[in-house]
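Only one structure is covered here, and it is reproduced in the block below.
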Amino acid sequence: MLISFLRKYKWSFKVSNFFNRKKLLHNTELYKKYNLKKNYYSSINSQDFEGINGQEPIMDREDCAQLLPQQERFNSLDKKTQDSLLKWSKDGFVILDSFFQKEEIDLINKEVEELLQAKKIKWSKNRILFAIKKSKLLKSVATFPKLKDCIELLMAKEMDLFQSINFYESSQQKTHSDSIHMTTFPHGNIIAVWVALQDVSPEDGPLHYYPGSHKLPYIMNKDFDNQSSTFKLGNKSYQDYENKIEQVLQENTHLKKEVFLAKKGDVLIWHANLLHGAQAKINPNASRKSMVFHFYASDAIAYHEITERPTLK
């Protein structure tokens, strides 16, 4: 209770930020670029950027179906992958069927189990964070050259691996956009990669998403009345954010939910603002093993909108 109370006050995060100088200095040059009077430990939110021009990635402003075929890197890919990438600007996600071989996925699952047994990684609630820091094999999955080609073509810039998250079962998380958790300025400078580590059935709590929802306005603190004061964070809960997203979906009836019944080795890449989540599990004992990677653009300011904390890298 005390910790939750203290976390409502900005100074508590500033103290923590102060002792993470090395992990936060990456933003300081970018603050200068946009004439923000911020220290590395300062709180930051979307309202700090009001009136400041910042261009979103080019594939958000133009059609990748026109731009990608002009790229030599794109033309070196197989036709199946090319056809999938061409849908990015329209849909906000890409599905790469059988991107990894089943034998490769078996090695990943084996590596995760061995790391757990050796206590080099551990569960934090229903997930394992940053397993890539403990395994060359797992990091090699995230940095696989063909995967790197795909995400950097979609973003039209160099992307830096930020984190990995391993799941044993469905998160059953309600519909959301990654940009409320991993916010950037300019918007859209983060991309997610989800790898299916097993076949997924409707009973397992599969992922869902709303094609085209990435084109909606980004929902930030002010959009669900969660503005902060000089010293204190906003008083709204995360459920208030989820309720706002539900309202947005009700107002945009043209958006239709799709459910991803992935096969082992399939890859889903999604846009920073794609509305997505996970279905409820029908079988309470079902697993839904997966691994997620998030990549930031190196030329974007990265922070967490709700807590107003700059991202630790």
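The values are calculated or read from the model by the stated rules, or taken from the named source; none is laboratory data. Everything quoted here is computed from the prediction, not taken from an experiment. Positions of Cβ are backbone-derived with ideal geometry, glycine not excepted, and every protein chain shown enters the neighbour counts.
Would the stretch 290-311 turn up any residue that is surrounded by 14 or more Cβ atoms within 10 Å (Cβ to Cβ), at pLDDT 95 or above and farther than 30 Å from Ile44 by Cβ? Within the stretch 290-311, one or more residues are surrounded by 14 or more Cβ atoms within 10 Å (Cβ to Cβ), at pLDDT 95 or above and farther than 30 Å from Ile44 by Cβ.
Being closer than 15 Å to Gly92 by Cβ, crowded, with 19+ Cβ neighbours inside 10 Å, out of contact with any Gly (no Cβ under 6 Å at 6 or more places or on another chain) and modelled with pLDDT of 95 or more, is that true of even one residue in the stretch 196-205? Full working, then the answer.
Step one: of the stretch 196-205, the residues closer than 15 Å to Gly92 by Cβ are none.
Looking for residues that are closer than 15 Å to Gly92 by Cβ, crowded, with 19+ Cβ neighbours inside 10 Å, out of contact with any Gly (no Cβ under 6 Å at 6 or more places or on another chain) and modelled with pLDDT of 95 or more, one finds none in the stretch 196-205, hence no.
Just give me the residues in the stretch 134-178 being in contact with a strand residue (DSSP E or B) (Cβ under 8 Å, 6 or more places away or on another chain), among the charged types (D, E, K, R) and over 22 Å from Glu103 (Cβ atoms), in sequence order. Passing the criteria: Glu152, Lys157, Glu158, Asp160, Lys174, Asp178. Inside the stretch 204-249, residues that are in a helix (DSSP H, G or I) and not charged (D, E, K, R) make up a count of 12. Restricting Lys14, Lys37 to residues that are surrounded by fewer than 16 Cβ atoms within 10 Å (Cβ to Cβ) and over 26 Å from Lys236 (Cα atoms) narrows the list to Lys37. When only residues in the stretch 142-169 that are in contact with an Asp or Glu (Cβ under 8 Å, 6 or more places away or on another chain) and of a type outside the set (Asp, Glu) count, which is nearest to Leu312 (Cα to Cα)? Taking the candidates together, the pick is Met159. Residues of the stretch 49-62 that are in a loop (DSSP other than H, G, I, E, B) and surrounded by 13 or more Cβ atoms within 10 Å (Cβ to Cβ): Gly54, Glu56, Pro57.
The numbered conditions (1) closer than 19 Å to Ser177 by Cβ; (2) surrounded by 17 or more Cβ atoms within 10 Å (Cβ to Cβ) are all true for Ser237 except (2).
From the list Ile245, Ile282, the one residue that fits, being modelled with pLDDT of 95 or more, farther than 18 Å from Thr175 by Cβ and out of contact with any Phe, Trp or Tyr (no Cβ under 8 Å at 6 or more places or on another chain), is Ile282.
To keep it simple, each residue is scored yes or no on (1) within 25 Å of Glu56 (Cα to Cα); (2) aliphatic (A, V, I, L, M); (3) part of a loop (DSSP other than H, G, I, E, B); (4) at pLDDT 95 or above.
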position	(1), (2), (3), (4)
Lys139	no, no, no, yes
Asp149	yes, no, no, yes
Glu152	yes, no, no, yes
Lys157	yes, no, yes, yes
Leu161	yes, yes, no, yes
Ser164	yes, no, no, yes
Ser170	no, no, yes, yes
Lys174	no, no, yes, yes
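Sort out which residues of the stretch 169-205 are hydrophobic (A, V, I, L, M, F, W, C) and under 15 Å from the mean Cα position of the chain (by Cα), and write them in order of number. Within the stretch 169-205, Ile180, Met182, Phe185, Ile190, Ile191, Ala192, Val193, Trp194, Val195 qualify. Looking across the stretch 85-103 at every residue that is under 17 Å from Ala196 (Cα atoms) and among the polar types (S, T, N, Q), the one that is surrounded by the fewest Cβ atoms within 10 Å (Cβ to Cβ) is identified as Gln101.
Are any residues in the stretch 97-111 touching a residue at least 60 places away in the same chain (Cβ under 8 Å), part of a helix (DSSP H, G or I) and farther than 13 Å from Phe144 by Cβ, and if so, which ones?
Passing the criteria: Lys102, Asn109.
Of all residues in the stretch 222-234, those that are of a type in the set (Phe, Trp, Tyr) have Cβ atoms under 7 Å from Cβ atoms of residues that are in a loop (DSSP other than H, G, I, E, B), 6 or more apart or on another chain, in Phe224/Lys236. When the stretch 206-234 is limited to residues that are hydrophobic (A, V, I, L, M, F, W, C) and either within 25 Å of Ser170 (Cβ to Cβ) or more than 18 Å from the chain's Cα centre (by Cα) (or both), the one that is surrounded by the fewest Cβ atoms within 10 Å (Cβ to Cβ) turns out to be Phe231.
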